[in-house]
Amino acid sequence: GEHLLLIDELYSLSLEYFIFVSYRKMKNQMDTNDRRNGLCQNKTLELLGIHYIMMDFFFSILIAFMTFLRFLTHPIYVWFAQGKKKSVPPITNDILRINATELAAKIRKKQLSSVEICQAYIDRIKQVNPIINAVVEDRFQQALKEAKTVDDYLTKCALSEEDLEKIKPLLGVPVTIKESCSLQGLSYAVGMLNRCGYKAESDGEAVARLKTSGAIPLLVSNTPEMCCCLESSNFITGYTNNPYDTTCTSGGSSGGEGALLGAGASVIGIGSDIAGSIRIPALYNGIFGHKPTARIVSLKGHFPYCYDEKFKSCLVIGPMSRYAKDLKLMLKILVGDKQATQLKLNQKVDLNKINVFFMEGTDSILETRVQSEIKAAVQDAVKYLSSQCGVKVKDHKFELKYTLNCCGKHIFNIKDLPDPLKGENDNIFTEIIKTLFGQSRYTPNLLHYLLVNKIYDLFVSDRTMEFAQLKKTFIDSLGDNGVFIYPSAYTTAGKHNQFYFLTTTAAYTILANTFGCPSTSVPCGLDKNGLPVGIQIMAAPNQDRLCLAVAEELEKHFGGWVPPK
């Protein structure tokens, strides 16, 4: 079954490549004819317009075909998954049901020791990791030593609980880290065979801030190869499974974090997000995840990294948690006191002064229909906020039909990203063929990403003006008191490898990255198959506090994280 699915994946890759090569040849021929005929400027502009129409047409055909292919292949994935479904065992230790903010308070009050909390999470990780496969490398023994040091320190500490909370708000609390965020001494391969065995020489800035706050890192968690996929799998660690259904994906690229949190094997963690890599795993694993405003959290120590300004405005590092309350505490730590003050994170948000915009989908004819439970969650959230919190619901719909074209082009135009196929002997089509025989060093995930990158470059017309106008309209409409409620994706977690056909999934999350906006993923219960349902709350740049406040309120209504059964 796995071999048939692999052939299925490679077929889609090969088809994309065929269209890519055919179109490139046609375009080159057009360019040659133009030069040969010496076309006048007006004629050239006319052909350029036709060229853009053709680009969009080819892209639309590709999207439509991949959506149709998903429809045809879905029964195959379901059939092969029969009888293989597992979920993680229930939680038996009540320590695992306490949020990080309260755990820190109990440690300061000496009601719980850091050692017993860390040991509880280590035991849970050992229990569930054989099922979800989310851990790349752990540091359990070192973490327990650090926890013992915290407990010993507190027996002699003369500081008040209030002072301790200000200086080290997460003292003694365990945390898990996405492998792409460097944690000194632990694996920093990020799923790449040519980096296998590579260890982080120092802590990244985000990890260092968590350590300074007193948090104790337990491990680094799994990602796709080079973080380039919505499925967390690679040739080093393998596939990370969804804790609610092991035949389903945990998402990507922060899928290891998502799975650990969803399984109750972590209480807080950090991930990174360039097109939904925090929010999609948060949706799939039934947890909270916050994509901060662009540039407010340092990217130092993240791999991959480049100096392109678009990259630095799209990629963010942010908090992931099982409980909404912990997101704000973690964000304050990650940005620092000065930035937290500027973001007004310590100020209470008056919900009845908030304007709520919402949409249930992109309204694109190419969009796969949004799952009914997700649509219902959007409607339910708006209804609850209106009736119980007094928010003002705005009857305004944004023009989001061409999100993938406008915003996707923006992200795929990023220059100088590390390219593993830059070697003179590397060729993407050759690697696709080698993958069929198990001979490629690169995962189909990475090859798919690299191919889509090329397809966007050639097939999708430059919509710079449309992008700028859409961004301005969106941000101006939200202002400093508006939020936008929107699906995090059009479906709950799919089966492993189905992401090849989920071509429009990122259309929902990519908005926040390209606009530089904050966005929080909120769990909203389970669907009929027992998989987590969720939505996202977006706001204008630097209005993170609005997203977080609405998320905390919706947690009361929907119940927040629901443990796997």
**OP:** Among the residues of the stretch 218-256, write down those that are within 21 Å of residue 92 (Cα to Cα) and among the charged types (D, E, K, R).
**Re:** 245
Original post:
Taking the stretch 496-513, which residues are over 16 Å from residue 247 (Cα atoms), in a helix (DSSP H, G or I) and modelled with pLDDT of 70 or more?
Top reply: 505, 506, 507, 510, 511, 512, 513
Original post:
For the stretch 177-188, does any single residue satisfy the condition of being out of contact with any Pro (no Cβ under 6 Å at 6 or more places or on another chain), crowded, with 20+ Cβ neighbours inside 10 Å, under 19 Å from residue 418 (Cα atoms) and among the hydrophobic types (A, V, I, L, M, F, W, C)?
Top reply: yes
Original post:
How many residues does the stretch 188-214 hold that are on the phi < 0 side of the Ramachandran plot, in contact with a Phe, Trp or Tyr (Cβ under 7 Å, 6 or more places away or on another chain) and not in a helix (DSSP H, G or I)?
Top reply: 5
**OP:** Could you check residue 490 against (1) buried (at least 22 other Cβ atoms within 10 Å of the Cβ); (2) within 19 Å of the chain's Cα centre (by Cα); (3) assigned to a loop (DSSP other than H, G, I, E, B) and say which number it fails?
**Re:** (1)
**OP:** Taking only the stretch 141-158 into account, find how many residues are crowded, with 18+ Cβ neighbours inside 10 Å and closer than 17 Å to residue 203 by Cα.
**Re:** 2
Subject >> Matching residues, the stretch 215-246, being part of a loop (DSSP other than H, G, I, E, B), surrounded by 24 or more Cβ atoms within 10 Å (Cβ to Cβ), touching a Ser or Thr at 6+ places or on another chain (Cβ under 9 Å) and of a type outside the set (Val, Ile, Thr) >> reply: 222, 224, 228, 229, 230, 231, 232, 233, 234, 243, 244
Original post:
Which of the residues belonging to the stretch 331-343 are free of Cβ contacts under 8 Å to residues at least 12 places away in the same chain and either within 20 Å of residue 208 (Cβ to Cβ) or not in a helix (DSSP H, G or I) (or both)?
Top reply: 337, 338, 340
Original post:
Restricting the stretch 377-422 to residues that are in contact with a Pro (Cβ under 9 Å, 6 or more places away or on another chain) and in a helix (DSSP H, G or I), which is surrounded by the fewest Cβ atoms within 10 Å (Cβ to Cβ)?
Top reply: 378
**OP:** Tell me, please, whether a residue that is part of a helix (DSSP H, G or I) and crowded, with 22+ Cβ neighbours inside 10 Å can be found in the stretch 344-363.
**Re:** no
Subject >> Residue that is surrounded by 16 or more Cβ atoms within 10 Å (Cβ to Cβ) and not β-branched (Val, Ile, Thr), where the choices are 161, 102 >> reply: 102
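The values are calculated or read from the model by the stated rules, or taken from the named source; none is laboratory data. As the structure is a computational prediction, the values presented were derived from the model and not from experiment. Neighbour counts are summed over all protein chains in view; Cβ atoms, including those assigned to glycine, are modelled from backbone coordinates with ideal geometry.
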